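Enquirer: Submitted below is the structure of interest, expressed as structure tokens.
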Amino acid sequence: MSNDAENIAEQMAALKIPLDRDLFMRTLIRELADVLQDVVGAEQASSFISVVGQLMGKQINEQYCKALDATSLSREQVAAVLVDLKKRIGGDFFIVAQDDEKIIFGSRSCPFEEKVVGQKAMCMMTSNVFGSIAAANLGYAKVHLQATLAEGQPECRVVVFLKMSDEADAVEGREYFKSAAG
């Protein structure tokens with residue numbers, strides 16, 4: 001490499017530009033969500049992101065089951081897996097309450113950080129990953145995004161209903177069912 005090229009490379013490396021793989025990927029997903037929303041509308045954008053979330057949920061569930069040497073997970077394990085996976089990707093999810101009917105999660109930060117603000121469609125990743133994992137192991141889930149950082153709330157509140165009930169019927173959310181294949 002010539003001296004000019006080396007100097008330019010050193011100059012580039014010294015620039016104070018806040019860009020790394022994580023920021024790049026979060027920005028990419030945010031821009032993709034924006035474009036989808038502009039082109040097909042908010043509801044369809046949520047649907048597209050939902051499909052990706054379901055596929056990711058299936059893969060993540062398989063990874064945890066394999067690591068735990070289990071064919072399926074208990075409710076307590078599902079709750080712990082959902083908290084753990086969010087921690088691994090930079091979220092701050094925690095269990096607010098759980099019983100046989102539902103698990104309530106809170107979160108003070110999103111893996112997408114500031115990129116999620118104004119992009120509720122991106123919350124479909126959480127809904128589908130949580131719903132897919134819960135249903136795959138427990139048979140059924142309905143995920144209600146009670147409050148989200150995307151909507152400008154101070155924290156997320158996600159309710160994962162584990163059984164069909166009047167309470168679950170009374171709220172908006174997406175339902176997930178264990179597939180016949182597993």
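The values are calculated or read from the model by the stated rules, or taken from the named source; none is laboratory data. Fair warning: this is a prediction, and the values are worked out from it, not measured in the lab. Counting neighbours? That spans all protein chains shown, and the Cβs are built from the backbone with ideal geometry, glycine included. SASA here: full protein model, heavy atoms, side chains in, ligands and nucleic acids out. Shrake-Rupley method; radii C 1.70, N 1.55, O 1.52, S 1.80 Å.
Enquirer: Please identify the pairs in which a residue from region 87-111 that is within 15 Å of Met164 (Cα to Cα) has its Cβ atom under 7 Å from the Cβ atom of a residue that is in a strand (DSSP E or B) and at pLDDT 95 or above, counting only partners at least 6 apart or on another chain.
Expert: Partner pairs satisfying both residue conditions: Glu101/Phe161; Lys102/Val159; Lys102/Val160; Lys102/Phe161; Ile103/Ile95; Ile103/Val160.
Enquirer: Of all residues in region 56-84, count the ones that are modelled with pLDDT under 95 and crowded, with 19+ Cβ neighbours inside 10 Å.
Expert: 1
Enquirer: A further question follows. What residue, among those in region 88-108 that are modelled with pLDDT under 95 and within 12 Å of the chain's Cα centre (by Cα), is least open to solvent (accessible area, probe 1.4 Å)?
Expert: Ranking the candidates gives Gly91 first.
Enquirer: Just the residues that are aliphatic (A, V, I, L, M), open to solvent by 100 Å² or more (accessible area, probe 1.4 Å), more than 24 Å from Glu113 (Cα to Cα) and in a helix (DSSP H, G or I), please, taken from region 1-38.
Expert: First pass over region 1-38, keeping only residues aliphatic (A, V, I, L, M): 1, 5, 8-9, 12-15, 17, 19, 23, 25, 28-29, 32-33, 35-36.
Still in the running and open to solvent by 100 Å² or more (accessible area, probe 1.4 Å): 1, 12, 17, 19, 32.
Retained after the next criterion (residues that are more than 24 Å from Glu113 (Cα to Cα)): 1, 12.
Of everything in region 1-38, just one residue is aliphatic (A, V, I, L, M), open to solvent by 100 Å² or more (accessible area, probe 1.4 Å), more than 24 Å from Glu113 (Cα to Cα) and in a helix (DSSP H, G or I), namely Met12.
Enquirer: Would you call Ala141 among the small types (Gly, Ala, Ser) and over 29 Å from Thr27 (Cα atoms)? Break it down into steps so the answer makes sense when it comes.
Expert: Details: among the small types (Gly, Ala, Ser): yes; over 29 Å from Thr27 (Cα atoms): yes.
Judged against the criteria, Ala141 is a match.
Enquirer: Next question. Being on the phi > 0 side of the Ramachandran plot and touching a residue at least 24 places away in the same chain (Cβ under 8 Å): is that true of Gly139 here? Steps first, answer last, please.
Expert: On the way: on the phi > 0 side of the Ramachandran plot: yes; touching a residue at least 24 places away in the same chain (Cβ under 8 Å): yes.
Yes, satisfied.
Enquirer: If you don't mind, there's one more thing I want to ask. Looking at region 137-182, which of the residues that are in a helix (DSSP H, G or I) and open to solvent by 50 Å² or more (accessible area, probe 1.4 Å) is nearest to Asp92 (Cα to Cα)? Full working, then the answer.
Expert: The initial filter retains those residues of region 137-182 that are in a helix (DSSP H, G or I), namely 137-138, 149-151, 166-169.
Add one more test, that the residue is open to solvent by 50 Å² or more (accessible area, probe 1.4 Å), and what stays is 138, 151, 166-167, 169.
On the way: Leu138: 24, Glu151: 17, Asp166: 30, Glu167: 26, Asp169: 28 Å.
If we take residues in region 137-182 being in a helix (DSSP H, G or I) and open to solvent by 50 Å² or more (accessible area, probe 1.4 Å), then Glu151 is nearest to Asp92 (Cα to Cα).
Enquirer: Okay, moving on. Going by the conditions given, is Glu113 at positive phi and of a type in the set (Asp, Glu)? If you could, list the steps in order and put the result at the bottom.
Expert: Numbers: at positive phi: yes; of a type in the set (Asp, Glu): yes.
The answer is yes for Glu113.
Enquirer: May I ask you to list the residues in region 138-160 that are small (Gly, Ala, Ser), at pLDDT 95 or above, within 17 Å of Ala121 (Cα to Cα) and in contact with a helix residue (DSSP H, G or I) (Cβ under 7 Å, 6 or more places away or on another chain)? Quick ask: steps written out before the conclusion?
Expert: Filtering region 138-160 down to residues small (Gly, Ala, Ser) leaves 139, 141, 147, 150, 152.
Add one more test, that the residue is at pLDDT 95 or above, and what stays is 139, 141, 147.
If we keep only those that are within 17 Å of Ala121 (Cα to Cα) as well, we get 147.
Matches in region 138-160: none.
A quick yes/no check of all residues on (1) in contact with a Lys or Arg (Cβ under 8 Å, 6 or more places away or on another chain); (2) assigned to a helix (DSSP H, G or I); (3) more than 18 Å from Gln119 (Cα to Cα):
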position: Ala45; (1), (2), (3): no, yes, no
position: Ser50; (1), (2), (3): yes, yes, no
position: Gln54; (1), (2), (3): no, yes, yes
position: Asn61; (1), (2), (3): no, yes, yes
position: Gln77; (1), (2), (3): no, yes, yes
position: Leu82; (1), (2), (3): no, yes, yes
position: Val96; (1), (2), (3): yes, no, yes
position: Asp100; (1), (2), (3): yes, no, yes
position: Phe105; (1), (2), (3): yes, no, yes
